[in-house]
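K.L.:
Can you keep this structure in mind? I'll have questions shortly.
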Number of protein chains: 2
Amino acid sequence: MRVLGVDPGLTRCGIGVVEGVAGRPLTMLGVGVVRTPSDDEIGPRLVAIERGIEAWLDEHRPELVAVERVFAQHNVRTVMGTAQASAVAMLCAARRGIPVTLHTPSEVKAAITGSGRADKAQVGAMVTRLLRLAEPPRPADAADALALAICHIWRAPAMNRLQQAQAAARASRIPSTASVRKVTR
Amino acid sequence: MRVLGVDPGLTRCGIGVVEGVAGRPLTMLGVGVVRTPSDDEIGPRLVAIERGIEAWLDEHRPELVAVERVFAQHNVRTVMGTAQASAVAMLCAARRGIPVTLHTPSEVKAAITGSGRADKAQVGAMVTRLLRLAEPPRPADAADALALAICHIWRAPAMNRLQQAQAAARASRIPSTASVRKVTR
């Protein structure tokens with residue numbers, strides 16, 4: 001499974017590509033950051049991020065794109081930019097028919113370090129060890145993008161089982177729902 | 001001046017196209033809403049919004065796109081979707097080299113009704129009168145998109161004067177900055 005992780009941001013949008021399956025050693029295929037100047041206008045910045053992400057998708061052809069789920073936080077100005085950059089990432093993937101999954105920062109930290117409250121240094125150190133890198137990827141946004149991709153590869157089996165169970169539950173409800181409708185007519 | 005206004009949203013993205021100049025009667029060229037199903041995944045919804053906005057840009061070829069400036073509000077879930085839909089609108093415009101301007105909801109209400117705290121009904125009524133329509137555009141998102149376009153046409157002369165003054169101030173500072181550099185070397 002080849003996953004492209006995106007740590008969204010307008011000034012620095014982290015990108016990391018990881019290949020592997022849960023339970024086996026993982027391989028880093030690429031890592032980097034798409035940057036846009038903070039004094040540029042928002043429209044051209046979004047276009048630059050789109051071009052950057054398209055280039056990464058062209059080069060690595062991931063089967064799935066994992067994006068950090070954005071929450072409204074204290075810093076309103078930052079969160080809007082993060083939401084906008086994440087929209088561009090999701091749009092680029094969906095246009096190519098590539099599935100997108102979202103993981104919260106806590107889910108990523110918990111998956112990688114065992115603690116949902118790990119700091120950036122701990123995440124960077126674990127990413128370095130898991131991908132057998134010579135040193136932690138810089139800046140932190142690049143390491144976070146790799147962490148997102150690893151998080152997805154590890155959570156995917158459980159997420160798939162959950163989705164299958166939900167689908168089975170929906171399928172098993174169909175007859176009873178139909179009979180209820182029949183009665184109420 | 002032909003302006004396409006966008007009231008961004010994932011479920012209903014209002015679009016309105018208005019032509020005219022400040023101080024003259026304005027003409028509505030089109031109004032509508034791009035809708036996406038709320039139970040669809042976010043990626044395909046953003047793709048649907050992109051297609052919808054592209055179709056409006058193809059048909060009306062606006063000189064400028066005016067988008068509502070999004071703030072983090074109480075309803076976190078809604079504001080993220082609004083920020084993401086606005087990113088798609090700004091991206092579509094910027095990709096074509098069409099300038100994008102943002103106006104806050106208060107700026108739009110103040111420009112259209114004279115009060116920054118006007119309600120939706122007042123905005124709808126003024127849009128109906130200003131564009132000489134038979135009835136207020138429905139839903140409110142469509143009326144709000146027209147209000148954004150009108151707001152931009154009316155604010156544009158003042159915004160242009162401000163930008164020119166700022167550019168002149170920057171230009172007049174260049175010699176003194178250069179001489180300071182010379183001294184410090």
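The values are calculated or read from the model by the stated rules, or taken from the named source; none is laboratory data. Every value quoted in this text rests on a predicted model; they were computed, and no experiment measured them. When we count neighbours, we look across all protein chains shown, and the Cβ atoms used for this are built from the backbone with ideal geometry, even at glycine.
Yes or no, residue by residue, for (1) more than 10 Å from chain A (Cβ to nearest Cβ); (2) exposed (fewer than 13 other Cβ atoms within 10 Å of the Cβ); (3) touching a residue at least 40 places away in the same chain (Cβ under 8 Å):
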residue: B:Val33; (1), (2), (3): yes, no, yes
residue: B:Thr36; (1), (2), (3): yes, no, no
residue: B:Glu50; (1), (2), (3): no, no, yes
residue: B:His60; (1), (2), (3): yes, no, yes
residue: B:Leu64; (1), (2), (3): yes, no, yes
residue: B:Gly81; (1), (2), (3): no, no, yes
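K.L.:
Report, by residue number, each residue of segment B:28-44 that is within 19 Å of B:Ala142 (Cβ to Cβ) and out of contact with any Gly (no Cβ under 6 Å at 6 or more places or on another chain).
P.N.:
Of everything in segment B:28-44, those that are within 19 Å of B:Ala142 (Cβ to Cβ) and out of contact with any Gly (no Cβ under 6 Å at 6 or more places or on another chain) turn out to be B:Met28, B:Leu29, B:Gly30, B:Gly32, B:Arg35, B:Thr36, B:Pro37, B:Ser38.
K.L.:
Criterion first (surrounded by fewer than 16 Cβ atoms within 10 Å (Cβ to Cβ), touching a residue at least 60 places away in the same chain (Cβ under 8 Å) and away from chain A (no Cβ under 11 Å)) does B:Ala55 satisfy it? Full working, then the answer.
P.N.:
Values: surrounded by fewer than 16 Cβ atoms within 10 Å (Cβ to Cβ): yes; touching a residue at least 60 places away in the same chain (Cβ under 8 Å): no; away from chain A (no Cβ under 11 Å): yes.
Against the criterion (surrounded by fewer than 16 Cβ atoms within 10 Å (Cβ to Cβ), touching a residue at least 60 places away in the same chain (Cβ under 8 Å) and away from chain A (no Cβ under 11 Å)), B:Ala55 does not qualify.
K.L.:
A further question on this structure: When you go through (1) out of contact with any Cys (no Cβ under 6 Å at 6 or more places or on another chain); (2) modelled with pLDDT of 95 or more; (3) outside any loop (DSSP other than H, G, I, E, B); (4) surrounded by 18 or more Cβ atoms within 10 Å (Cβ to Cβ) one by one for B:Ala85, which number turns out not to apply?
P.N.:
(1)
K.L.:
Considering segment A:79-93 alone, what residues qualify as being more than 16 Å from B:Ala89 (Cβ to Cβ) and of a type in the set (Gly, Ala, Ser)?
P.N.:
A:Ala89, A:Ala93
K.L.:
Hey, could you check segment A:89-148 for residues that are assigned to a helix (DSSP H, G or I) and within 14 Å of chain B (Cβ to nearest Cβ) and say which is surrounded by the most Cβ atoms within 10 Å (Cβ to Cβ)?
P.N.:
Selected residue: A:Ala89.
K.L.:
Any idea which of (1) at pLDDT 95 or above; (2) under 19 Å from B:Leu4 (Cα atoms); (3) surrounded by fewer than 21 Cβ atoms within 10 Å (Cβ to Cβ); (4) of a type in the set (A, V, I, L, M, F, W, C) is the one B:Met159 doesn't satisfy?
P.N.:
So the condition that B:Met159 fails would be (1).
K.L.:
May I ask you to say which residue of B:Ala110, B:Ala156 is in contact (Cβ under 8 Å) with a residue 60 or more places away in the chain and among the aliphatic types (A, V, I, L, M)?
P.N.:
The conditions single out B:Ala156.
K.L.:
Take segment A:10-50 and flag every residue that is at pLDDT below 95 and at positive phi.
P.N.:
Passing the criteria: only A:Gly23.
K.L.:
Kindly indicate which of B:Gly116, B:Gly124 is within 25 Å of B:Leu57 (Cα to Cα) and in contact with a helix residue (DSSP H, G or I) (Cβ under 9 Å, 6 or more places away or on another chain). First the steps, then the outcome.
P.N.:
On the way: B:Gly116 fails: within 25 Å of B:Leu57 (Cα to Cα).
B:Gly124 is the lone residue from the list that is within 25 Å of B:Leu57 (Cα to Cα) and in contact with a helix residue (DSSP H, G or I) (Cβ under 9 Å, 6 or more places away or on another chain).
K.L.:
Taking the condition of being assigned to a loop (DSSP other than H, G, I, E, B) and surrounded by 20 or more Cβ atoms within 10 Å (Cβ to Cβ), how many residues in segment B:9-19 meet it?
P.N.:
2
K.L.:
If you go through segment B:9-68 one residue at a time, how many are under 30 Å from A:Pro99 (Cα atoms), within 15 Å of the chain's Cα centre (by Cα) and among the small types (Gly, Ala, Ser)?
P.N.:
3
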